[in-house]
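Asks: One structure is given below, represented as structure tokens, and several questions about it will come after.
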Amino acid sequence: MFAPPTALRRVVAALLAAGLAAAGLTACGSDEPAASGTTLTLTIRGNENDKAVFEQRLAQAKKALPGIDVKLVQIDNDNYDTKVQTMFAGAQAPDVLMIDEAVNVYSSKGQLEDLKPRLASAGVDPVGRFGQGALDTYSTDGKLWAAPDRGGAMVVYYNKDIFDAQGVAYPDSTWDWTRFREAAAKLTVRDGGKVKSWGYAAGDWWPWTMTWMYQNGGSVLDASGAPVVNSSANVEALQFYNDVVLKDHSAPSPIDYANAGLDNGKPDALFEQGKLAMVTTGFWNIASLKESRIKWDIAPLWHGRKSAVPAFGSGLAVSSRSRHKDEAARLVAYLTSAEGQLPIVTSGLDVPANLEAVASEAFKKPTWNTRGVNLAAFAESAPVIYSPPLVPEWKEMQKAFTDGMTPVWKGEDSVQAGLDRVQKSLERILR
């Protein structure tokens, strides 16, 4: 679970306006310490919308946790980790910090506190609250470095008009790969051999490619942390996906994207234009499609040999440098409770990581959901979220995957050869 694309930051304001304006928010986190009690520093990444929702949550926390005040420090997305690391280097580390895919960069430096015993002391059952998949994102060696806070699974957005016109039943979680491939082919509309609209579209972004691998029982690293990316399960999975693109022509290839004036793996524009029947993306697209003229909805992702879906979000960690670890852990426990996550729900900011919150009627039927979007798809997907290997070298690994597989997506090399290249690169990166 990681920070979502910047599209979410640009479009979510439309959903937030009504909910936050009516809330009468009070700023939290004064620079002045409380007359008695503890003042914690909390760093978050994001924009003014993210800050406003956190202020609402902290106003609730102040009532629930008397004696604990919070100074909220908002940092822009691009500079977040750099600035927080500077705070650590300058002996000004926050007590609590928002964290995402860089979690093991911090944990490998000894900068994070293990939350497992502290949440247990607070009476929190992490698996029951978040699900094992979400916890795996922030765990290594049996230690929990952050509590999931935001964490929406990626789901299938589909164009109802195209489905209806082609006589295809709407997707749901019972779909397997065979059903998906058949539907994608039938949903691809051609005129004189030229594609007018595609059945599906994705690209080389890791949630699209690696999900096929995990659904086929594969993985990137084995239990010992060694790369196994060129396993037979992974080869079979990516061969299936590449055949949908290059053999069936049910999804655009890199050349097709270029001809459409789009970068490879930028399907959102095609969906918004009504030229795409299905796309796998996240919660952030709900806001961008709110005023769209096309008829659309969302559904859980199909499954392979097993169900596995990627997710994007963030967690809350306690600094190992904090002088108030108990209070910081209590704050994290409250903010990740169903009550503490309610402002995320009512504002439409994101999907809460708390399973009770995401399954609630407040999330599934919020006042801002005027289109009646099937938000229950996120709750249905939550139990089968998988975590990619968020080792400190994760960014290097992603680049190695892109470099090794680009000729494959273009049809210039075999899947086996591409994954063999990636395997060698990962062995070098992780040695």
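Asks: Just checking, which of Ala377, Ala338 is in contact with a strand residue (DSSP E or B) (Cβ under 6 Å, 6 or more places away or on another chain), crowded, with 18+ Cβ neighbours inside 10 Å and closer than 28 Å to Asn285 by Cβ?
Replies: Result: Ala377 is the single residue among Ala377, Ala338 that is in contact with a strand residue (DSSP E or B) (Cβ under 6 Å, 6 or more places away or on another chain), crowded, with 18+ Cβ neighbours inside 10 Å and closer than 28 Å to Asn285 by Cβ.
Asks: Restricting to the stretch 146-169, give me the number of residues that are surrounded by 24 or more Cβ atoms within 10 Å (Cβ to Cβ) and either farther than 26 Å from Trp284 by Cα or charged (D, E, K, R) (or both).
Replies: 2
Asks: Further question: Which count do you get for residues in the stretch 225-261 that are over 20 Å from Phe401 (Cβ atoms) and either part of a helix (DSSP H, G or I) or without any contact (Cβ under 8 Å) to a residue 40 or more places away in the chain (or both)?
Replies: Qualifying residue count, the stretch 225-261: 7.
Asks: Restricting to the stretch 304-337, name every residue that is in contact with an Asp or Glu (Cβ under 6 Å, 6 or more places away or on another chain) and either in the same structural domain as Thr211 (by TED's automatic domain parsing) or within 17 Å of Gln132 (Cα to Cα) (or both).
Replies: Ser314, Gly315, Leu316, Thr336
Asks: Further question on the same structure: In the list Glu427, Glu412, Glu393, which residue meets the criterion of being in contact (Cβ under 8 Å) with a residue 60 or more places away in the chain, among the charged types (D, E, K, R) and surrounded by fewer than 22 Cβ atoms within 10 Å (Cβ to Cβ)?
Replies: Glu427
Asks: So, one more: Which of (1) buried (at least 19 other Cβ atoms within 10 Å of the Cβ); (2) touching a residue at least 40 places away in the same chain (Cβ under 8 Å); (3) over 30 Å from Arg118 (Cβ atoms) is the odd one out, the single condition Tyr386 does not satisfy?
Replies: Failed condition: (3).
Asks: Look at Gly274 and say whether it is free of Cβ contacts under 8 Å to residues at least 12 places away in the same chain, assigned to a loop (DSSP other than H, G, I, E, B) and on the phi > 0 side of the Ramachandran plot.
Replies: The answer is no for Gly274.
Asks: Can you give me the ranges of the helices (runs of 4 or more DSSP H) entirely in the stretch 117-197 with at least 1 residues that are of a type in the set (Asp, Glu)?
Replies: Counting at least 1 such residues, we get 132-137, 160-166, 177-187.
Asks: Considering only the stretch 213-223, I want to know if a residue exists there that is among the β-branched types (Val, Ile, Thr), touching a Phe, Trp or Tyr at 6+ places or on another chain (Cβ under 8 Å) and either within 24 Å of Ser288 (Cα to Cα) or crowded, with 20+ Cβ neighbours inside 10 Å (or both).
Replies: There is no residue in the stretch 213-223 that is among the β-branched types (Val, Ile, Thr), touching a Phe, Trp or Tyr at 6+ places or on another chain (Cβ under 8 Å) and either within 24 Å of Ser288 (Cα to Cα) or crowded, with 20+ Cβ neighbours inside 10 Å (or both).
Asks: Any residue that is assigned to a strand (DSSP E or B), modelled with pLDDT of 95 or more and closer than 19 Å to Asn47 by Cβ - is there at least one of those in the stretch 79-97?
Replies: Yes, that holds for at least one residue.
Asks: Next up: Residues to consider are Gly372, Gly348, Gly315; find the one that is at positive phi and within 18 Å of the chain's Cα centre (by Cα). Give the steps one after another, and end with the answer.
Replies: On the way: Gly372 fails: within 18 Å of the chain's Cα centre (by Cα); Gly315 fails: at positive phi.
The unique qualifying residue is Gly348.
Asks: Moving on to the next point. When you go through (1) part of a strand (DSSP E or B); (2) modelled with pLDDT under 90; (3) not charged (D, E, K, R) one by one for Thr41, which number turns out not to apply?
Replies: (2)
Asks: Just need a number here: residues in the stretch 249-280 that are modelled with pLDDT of 95 or more and among the hydroxyl-bearing types (Ser, Thr, Tyr).
Replies: Adding up the residues that qualify gives 2.
The values are calculated or read from the model by the stated rules, or taken from the named source; none is laboratory data. Quick caveat, the model's predicted, so the values are computed rather than measured. No Cβ is skipped: glycine too gets one built from the backbone with ideal geometry, and neighbour counts run over all protein chains shown.
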